[in-house]
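Before any comments, here is the structure.
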Amino acid sequence: MEMHWESDLAELLTDLSAVQEELLQVLDRKRELLVAGRADELAPVAQQEEGLVVKLQDCVSRREVLLKRASDEGRPAGSIQALTDSLPRPRRTELSPRVKVASARARLLRHQSLTNWVLAQRTLIHLSQLLEIIATGGRLQPTYGEREPVNASGSLVDRAI
């Protein structure tokens, strides 16, 4: 039975590692395109990203099945690390570092995804501001009151100040 757990864990970690590495490359490419303002080249990257998300979801499903089986057999099932720690020493020594690497990559993926999200949001804000300038002819609209000229005094909250 030990070999069954060991091989299932090793296979999951191998597949997860491959998907994570590929996703890191795709996110790097996406960030480069966002920074360069080459939005027209993002569509193929988005398709790659979607395919990798499906693969990651498969890994998550396999993880859940593995942890459920572990729980049903009375093994530690709180995490893959806990399950790995319950394996015999030689295999645990081999798999535990791989679990830690996968965990570190997951943190890096979250960080890079957040970075790309921030870049996309900044781009959207910039485009929104450009549209506002185009729509208003570059003239500021009054915040308070109707048809009154904008007071360029620098006040931010109340134009009476």
Determine if the range 101-113 includes at least one residue that is in a helix (DSSP H, G or I) and over 30 Å from LYS30 (Cα atoms). no
Expected single match for of a type outside the set (Asp, Glu), touching a residue at least 60 places away in the same chain (Cβ under 8 Å) and touching a Pro at 6+ places or on another chain (Cβ under 9 Å) among LEU83, LEU95, LEU87 is LEU83
Among the residues that make up the range 122-139, is at least one of them in contact with a Lys or Arg (Cβ under 8 Å, 6 or more places away or on another chain), among the hydrophobic types (A, V, I, L, M, F, W, C) and either within 19 Å of THR14 (Cβ to Cβ) or part of a helix (DSSP H, G or I) (or both)? no
Output the residues belonging to the range 109-119 that are of a type in the set (A, V, I, L, M, F, W, C) and surrounded by fewer than 14 Cβ atoms within 10 Å (Cβ to Cβ). LEU114, TRP117, VAL118
Counting just the residues of the range 59-80 that are in a helix (DSSP H, G or I) and in contact (Cβ under 8 Å) with a residue 40 or more places away in the chain, which one comes out surrounded by the most Cβ atoms within 10 Å (Cβ to Cβ)? ILE80
Based on this model, can you work out whether GLU94 counts as surrounded by 11 or more Cβ atoms within 10 Å (Cβ to Cβ) and in contact with a Leu (Cβ under 8 Å, 6 or more places away or on another chain)? no
Would you call LEU23 modelled with pLDDT of 95 or more, assigned to a helix (DSSP H, G or I) and either touching a helix residue (DSSP H, G or I) at 6+ places or on another chain (Cβ under 6 Å) or β-branched (Val, Ile, Thr) (or both)? yes
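The values are calculated or read from the model by the stated rules, or taken from the named source; none is laboratory data. Fair warning: this is a prediction, and the values are worked out from it, not measured in the lab. For neighbour counting, all protein chains shown are included, and Cβ atoms are generated from backbone atoms with ideal geometry for every residue, glycine included.
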